[in-house]
């Protein structure tokens, strides 16, 4: 794909929200940084969120050195910060061009939209405990010795964390993993700042940019995104391949399986292990209508609000449709074990916001495995009196540890092999 370098004129990230018909407005305000806007020679059906795909990556070494020369503070980025800054600078979080300032943060927390009305699911913030870090400073975020991005800090504020958790997660209780993360992992202060991308983080799994993924998607076809944070088992595979038969999906559509490989809740399988399971499954199934890519995103387990965030990101990667699973991005109380969200809360919330988002939610089928007909919907199995076979996640993990044979109707052999080798 070609890149067209444009000096965009904007005073803040919120100014960069352009409709497909309003790109001539890109020169109305002045910015001190260059913004690179992707110009697609290969187009897909879906427009980026806000109308234009943001690309903040500096393209030559001289420009990188000039950007680094402005930085007076070096900071090691946390794993979550690395995920956030990567999606800011590669356009996954379009139309953001930096970490949210206080006005943007409050607007997203309270109203689920940017100050200009652009829908946005969760705040994207730079957090710190450093009392001496002040607005006007340019910092460089590093991964070890590798400079990832510079951030021109614009403001510093004390977030209302209880309100943030209540609005975004539906609870401020720290037995919610997202609320626990906000309360104990994030620093006391949040800071807004414009990002200049220098290098993509080095990962054990490849994370293509939205531009790169869009270049590989078929033109003028519906693209159905499937999000997951766990290994893909038989039921998952049946679910996302059957989604292509949904009447909401046009003829010839494809599935983009786009797992998150960043930090998640404590008891999830590590991203590097999950990645290995996806790679062997991709090779085993070799389905030409299923594309596999990986997303450097840190999970919040925010249920309905996170479903919106995932849809926005996949929209920027070129997806027209998004599969909403039962209890998507859900979590349980670490105290009571009860679910924080209803099984269909995320589906209902996504459907209510679909028109504003410009992404079509595809409800996931409630599939069960039957002795007589294999995988069918639960309603069909009940109607026909078919005999269901079940295997709980707890039992599956016990069988993994004990070396017992795991039925192939539940899990792919290649996936089981990887999980046992990395236990």
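No value in this document is a laboratory result; all are computed from the given coordinates. Since this is a predicted model, take the numbers as computed values, not measurements. Reconstructed Cβ throughout: ideal geometry from the backbone, glycine too, with neighbour counts over all protein chains shown.
Taking 0.36 nm per residue of separation and subtracting the current Cα-Cα distance, fully stretching the chain between residue 421 and residue 391 would add 8.7 nm. Only alpha carbons enter this Debye calculation for the chain, each as an equal point scatterer, and the log10 of I(q)/I(0) it gives at q = 0.09, 0.11 Å⁻¹ is -0.56, -0.85. Rg then Dmax, both in Å and based on the Cα atoms of the range 154-235: 18.6, 48. Where both partners of a DSSP beta bridge lie in the chain, what percent of those bridges are antiparallel, to the nearest 5? Here the share of antiparallel DSSP bridges comes out near 65 percent.
Using C-alpha pairs under 8 Å with a sequence gap of at least 6, the mean separation divided by the residue count of the range 210-421 gives a relative contact order of 23 percent.
When you count the other C-beta atoms within 10 angstrom of each residue and take the mean per peptide, 89-102, 346-359, 168-181, 280-293 line up highest first as 89-102, 168-181, 346-359, 280-293. Provide, for q = 0.16 Å⁻¹, the log10 of I(q)/I(0) from a solvent-free Debye sum over equal Cα point scatterers in the range 210-421. The Debye formula, applied to the Cα set alone, gives -1.22. Calculated on the alpha-carbon coordinates, the convex hull of the range 126-283 measures out at 179 cubic angstrom per residue.
Both radii were evaluated on the Cα set of the range 65-171; the Rg over Rh quotient, with Rh as the Kirkwood radius, amounts to 0.97.
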